[in-house]
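Where a number appears in this text, it was derived from the coordinates with a stated rule and is not lab data. Please read these numbers as outputs of a predicted model, since none were measured by experiment. Neighbour counts run over all protein chains shown; Cβ positions are idealised from the backbone, glycine included.
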Amino acid sequence: MGMLPEGLTANVDWISYFGMRSMGTVRAIIKFRSVATLRGPGNRVLTAVAGTMLLLLNTTLADTRDQAKRMHDRLTGVPPTATVLDNMQDSIDGGNAVAAAMIAMDNPNFYKVTLKNWATPWTNRDQTVFAPLNDYSATVIGMIKNDVPFNLLLGENIVYHANGVSKNGQSAPNYSASNNDHYEWLEDNDIDLAAELTRAQQQGIPAGATAGVMTTRAAAAAFFVAGTNRAMFRFTLLNHMCNDLEQVKDTTRSAGRIRQDVSRSPGGDSRLFLNNCVACHAGMDPMAQAFAFYNYDDTAGRIEYTEDTVQPKYFINGETFSPGYVTPDDQWDNYWREGQNASLGLGQWQARLRHGRQNHG
Ligand code: HEC
């Protein structure tokens, strides 16, 4: 997570963690965090994750005007106006640092720059912040601006766009399921996203097949393109459950749902399968089955959903281990609900993938 903007970097893991486990909103979390850091090390969990802010906002080292200025800089990337600074300082002096954080977050740069930079690495495989605004990042920004509970991120039929907005006599191209022109126009024209983004329904797939940002065009282009759809699982785990597969490897789960393309004796050594491959694939393959009907059509530039027809990518290299699992449908299972990963909160993941048929067996 090292590519994220300073100031939010240290807290991102915790924000995501908290967001997935509560009905909290990101703005509420950021404001809570800002205040906690102003108050100093009262809470050990917060202290651990908010180290950067704590150093910068240590009450013993900075007066309240300086604190207000630093809080504004960190949240927006720009210095406050004199009036904003006065108001923030008044709030801190009055013991209400929450209000000070909220004032700073009224600055359009909080949305346009800070949150855009925060969400952008989630939307591509390289995890780079240097990518254009897209329907995924804009949806994160819109949810935060509207205080939509962040645990709906992976489940709602939701997208934010600014159809109809214009600037200097030019109108934005409309949001489209098959290109990113709308969002690039918004960014190129420096549109105030907090003012203009509105909530809408996703285009390009049936409403019942939507799953929050996972079914945005940007996520599909990054994680449903080619491959075997395991990437969508891995990157969602990484970005929103704060764990890469290395951290959740468990060799004790049943290999019964590992697909045919995974060799059971890589290089002729079955121990490698049992000690390594199974650790990820036993849990990942039955979970990624939820995406069995999804694909990104690279030619058309859009997500594809083939209701009741498993995508061919689930059968490639089937001869590698032909007794392996042959995906019949999109019925997925969470084999990590038990074992060492039981405490991960992957039950939350299950709740998000509402469109897939969950097997309670
Ligand atoms: C740390 C977790 C992890 C381990 C361990 C692991 N894999 Fe994978 N595997 C993945 C992920 C993630 C993907 C999807 C990659 C993508 O599409 O970006 C994948 C994809 C695959 C694929 C599909 C083709 C491809 O390369 O995308 C095959 C085949 C495969 N793995 C075989 C194996 C074998 C054999 C082993 C043991 C030697 C193994 N894997 C160990 C995580 C793992």
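For the range 228-348, a crude dipole built from +1 on the beta carbon of Lys and Arg and -1 on the beta carbon of Asp and Glu, taken about the Cα centre, is about 400 debye to the nearest 20.
About its Cα centre, the range 250-300 has a charge dipole of approximately 300 debye under the convention of +1 per Lys or Arg Cβ and -1 per Asp or Glu Cβ, with nothing else charged. Sorted on the mean count of surrounding Cβ atoms within 10 Å across their residues, most packed first, peptides 168-174, 244-250, 87-93 read 87-93, 244-250, 168-174. With θ taken as phi - 60° and the Karplus curve 6.51 cos²θ - 1.76 cosθ + 1.60 applied, the whole-hertz 3J(HN,Hα) list for the range 68-82 is 4, 5, 5, 4, 5, 4, 5, 7, 10, x, 10, x, x, 5, 4 Hz, x standing for glycine and proline. Of all lysines in the structure, the ones whose alpha carbon falls short of 20 Å from that of Lys69, not counting any fewer than 8 places away in one chain, are Lys31, Lys112.
Can you bin the range 114-209 into rounded, prolate or oblate? Criterion: square roots of the alpha carbon gyration tensor eigenvalues sorted a ≥ b ≥ c, rounded for a/c under 1.5, prolate for a/b above b/c, oblate for the rest. Note, shape of the range 114-209 comes out rounded. Among the chymotrypsin sites (Phe, Trp or Tyr not before Pro) found in the range 103-187, those both in a DSSP coil and sparsely packed, with 16 or fewer other Cβ atoms within 10 Å of their Cβ, are Phe130.
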